[in-house]
Amino acid sequence: MTALEKRLTLDNVDMLSLLGSNDANLKLLEDRFNAMITFRGENVIIKGVKEEVDVVEKTIKEMVYVLNTKGSLRESDIKTILDLTIEGREIISPKEFDSIVLYTKNDVIKAKTPGQKVYIDAASKNDICFSIGPAGTGKTYLAVAIAVAALKKGIVNRIVLARPAVEAGESLGFLPGDFREKIDPYLRPLYDALDDMIPSEKLKMNIEKRMIEIVPLAYMRGRTLNNAYVILDEAQNATDLQMKMFLTRLGANSKAIITGDITQIDLPPKTISGLVQAKEILRGIEGVGFVYLDKSDVVRHKLVKDIIDAYEKFRNSESI
């Protein structure tokens, strides 16, 4: 490959903010590239193979763009720019950077609605976060993305995803196969989300190594989960005792997200939903956050919002 030297002049740029304290931002570039990158005043000299020099040039220009637009440049901004430019993708508008949860090989997972942004922020600020809202608002998908991002960054060393095995109009006993085969359909949405975010071979390896577990809620009893991101999905179908059991599984350096839709409770009549009870009992506890999504946060097919709206109107008419 042909070696190349390229010089850039950065006019009207705060070089201290661009390079970071003790050149921390420059070190991020040097760690990612083999090219030699030298800053002299307002000039940048890049030496290396042409393909890499071009990517470094684009990365630095995007750093300047983000810095000038946002007025600051954080480590997370630079890492996002690096991942996107190296993979040849278009740079996301700087104002969207704070909404990014995870970047995968084919996509960038980020908040698509104001409510989802509140959800992401609440999960970041609290060790336990409840996300309550209708179908299609991204409750489960974002929870899994947040957990996968924490695993990739080394914040936790495993993910545990759980769902209650409630028979929503169907009987487990009449389904074919052993218990695992019977229960898999209830856990499938969690597998589907992970399939979107982790390459299949790596996902399989992580499951075999138990770095990622997907289990029925009943399997959580008696465990203490340290250094883990724990997700309880479809929590409206957990009983009050199951919810207390789940919440008390958290160990040191662990975080949890609990998702559910209180309009779709499949528990037997007169059985208390642990999610409904928890939002009353745990309200106001520091470190426990509640986020309420609504039909404006639906990101599925455009008809899903209309369907939710129609059911709400029907329920309201019945209560009159």
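So the values come out like this:
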| item | result |
| --- | --- |
| Residue that is modelled with the lowest pLDDT, among those in the stretch 140-165 that are out of contact with any Leu (no Cβ under 9 Å at 6 or more places or on another chain) and part of a loop (DSSP other than H, G, I, E, B) | Lys153 |
| In the stretch 135-157, the residues that are touching an Asp or Glu at 6+ places or on another chain (Cβ under 9 Å) and either over 22 Å from Gly260 (Cα atoms) or surrounded by 22 or more Cβ atoms within 10 Å (Cβ to Cβ) (or both) | Thr137, Gly138, Lys139, Thr140, Ala143, Val144, Ala145 |
| Wholly enclosed helices (runs of 4 or more DSSP H) of the stretch 1-79 bearing at least 3 residues open to solvent by 40 Å² or more (accessible area, probe 1.4 Å), among the charged types (D, E, K, R) and within 30 Å of Val101 (Cβ to Cβ) | 24-32, 50-70 |
| Matching residues in the stretch 91-134 - criterion: being hydroxyl-bearing (Ser, Thr, Tyr), crowded, with 18+ Cβ neighbours inside 10 Å and at pLDDT below 85 | Ser99, Tyr103 |
| Tally, over the stretch 166-203, of residues that are open to solvent by 50 Å² or more (accessible area, probe 1.4 Å), modelled with pLDDT under 75 and not in a loop (DSSP other than H, G, I, E, B) | 6 |
| Among residues of the stretch 259-304, those that are in a helix (DSSP H, G or I), surrounded by 15 or more Cβ atoms within 10 Å (Cβ to Cβ) and touching a residue at least 60 places away in the same chain (Cβ under 8 Å), counted | 6 |
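This table checks each residue for (1) modelled with pLDDT of 95 or more; (2) not hydroxyl-bearing (Ser, Thr, Tyr).
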site: Leu232; (1), (2): yes, yes
site: Asn237; (1), (2): no, yes
site: Ser254; (1), (2): yes, no
site: Thr259; (1), (2): yes, no
site: Ile262; (1), (2): no, yes
site: Ile265; (1), (2): no, yes
site: Leu275; (1), (2): yes, yes
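The values are calculated or read from the model by the stated rules, or taken from the named source; none is laboratory data. All values reported here derive from a predicted model rather than from experimental measurement. For neighbour counting, all protein chains shown are included, and Cβ atoms are generated from backbone atoms with ideal geometry for every residue, glycine included. SASA here: full protein model, heavy atoms, side chains in, ligands and nucleic acids out. Shrake-Rupley method; radii C 1.70, N 1.55, O 1.52, S 1.80 Å.
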